[in-house]
């Protein structure tokens, strides 16, 4: 019971971090139809900006300033880069964001170096939140979960209870009519792109010190968030939330399970020798195959439900 509950909490906290990262990408795609390959790079920038700001002003100012800076940078990228190639179709957009991701990585390495930076958890949050049986749950993990849920509530209220949210939803399906009513649709697109990048930056602020802040962090999570978006359904925030929790919990449990098919068959009374066909494959533990589980889920979703769990829009 102790193992199950603690692993479940760790999985949910990891899943909520994935949602923080994928929610911005989902908003950008649902609004603009742009699949931003540089999205994880904005996550990385959020962590590095927060590291630099926290050195001079502390973690709490960094929590607010870093996402704002990332959002402004994202808005600038949309205004002076992505908007210029948007009229040529999706392929130029993909190539632009793909190239941008490499540019950001190189710039980060030039400024902060190639090694890990000491972006630490703030002292006030560096301790146990509670103890379950004999295992403690970190306070910072609880803080990450709180920020993610608060962000989810903010997005929901913004899109359903505010005027700008209604304009955004209307521009999604009827951009010409929204523009005829006097709204600047390109500016709305810029705000949405900047806002999505700011959400990625926020994920970097709270995730960079919980895991690791180094130039490879964008590549580590970059592919996972695309799995989340596709599994949840392109353009569906609710789908992204469900997929994030599902993948986070599944990976966390898998990493903690050191069982192989051989050990499970041995418990069932079946002995497997080294001469048995497929012995190398059967000897792999669940922990060893954990990194490929999200991609296996992606393949199954694309086969049996191509639109994703709650997909409402095709690419």
Keeping to the range 23-51, report how many residues are in contact with a helix residue (DSSP H, G or I) (Cβ under 6 Å, 6 or more places away or on another chain), assigned to a helix (DSSP H, G or I) and at pLDDT below 90. 8
Considering only the range 156-168, state which residues are exposed (fewer than 13 other Cβ atoms within 10 Å of the Cβ) and over 23 Å from residue 70 (Cα atoms). 160, 161, 162, 163
Could you check the range 231-250 and list, in sequence order, the residues that are buried (at least 22 other Cβ atoms within 10 Å of the Cβ), over 12 Å from the mean Cα position of the chain (by Cα) and in a helix (DSSP H, G or I)? 231, 232, 239
Taking only the range 186-209 into account, find how many residues are surrounded by fewer than 16 Cβ atoms within 10 Å (Cβ to Cβ) and in contact (Cβ under 8 Å) with a residue 12 or more places away in the chain. 1
Quick check on my filter: what residues within the range 205-222 are farther than 16 Å from residue 290 by Cβ and not in a helix (DSSP H, G or I)? 209, 210, 212, 213, 214, 215, 216
Where residue 171 falls short, out of the listed (1) under 22 Å from residue 19 (Cα atoms); (2) at pLDDT below 90; (3) crowded, with 19+ Cβ neighbours inside 10 Å: (1)
May I ask you to list the residues in the range 129-144 that are over 30 Å from residue 238 (Cα atoms), free of Cβ contacts under 8 Å to residues at least 60 places away in the same chain and surrounded by fewer than 12 Cβ atoms within 10 Å (Cβ to Cβ)? 131
Every residue in the range 53-63 that is under 22 Å from the mean Cα position of the chain (by Cα) and over 16 Å from residue 207 (Cβ atoms), please. 60
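Listed here are the residues, each with its yes/no results for (1) in a helix (DSSP H, G or I); (2) surrounded by 13 or more Cβ atoms within 10 Å (Cβ to Cβ); (3) at pLDDT 85 or above.
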| site | (1), (2), (3) |
| --- | --- |
| 224 | yes, yes, yes |
| 262 | yes, yes, no |
| 272 | no, yes, no |
| 287 | yes, yes, no |
| 298 | yes, yes, yes |
| 311 | no, yes, no |
Is at least one residue of the range 145-155 over 17 Å from residue 25 (Cα atoms) and surrounded by 15 or more Cβ atoms within 10 Å (Cβ to Cβ)? yes
Tell me, yes or no, whether the range 89-110 has at least one residue that is in contact (Cβ under 8 Å) with a residue 40 or more places away in the chain, over 22 Å from the mean Cα position of the chain (by Cα) and surrounded by 19 or more Cβ atoms within 10 Å (Cβ to Cβ). no
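The values are calculated or read from the model by the stated rules, or taken from the named source; none is laboratory data. As the structure is a prediction and not an experimental result, all values here were calculated from the model. As a convention, Cβ positions derive from the backbone with ideal geometry for all residues, glycine included, and neighbour counts pool all protein chains shown.
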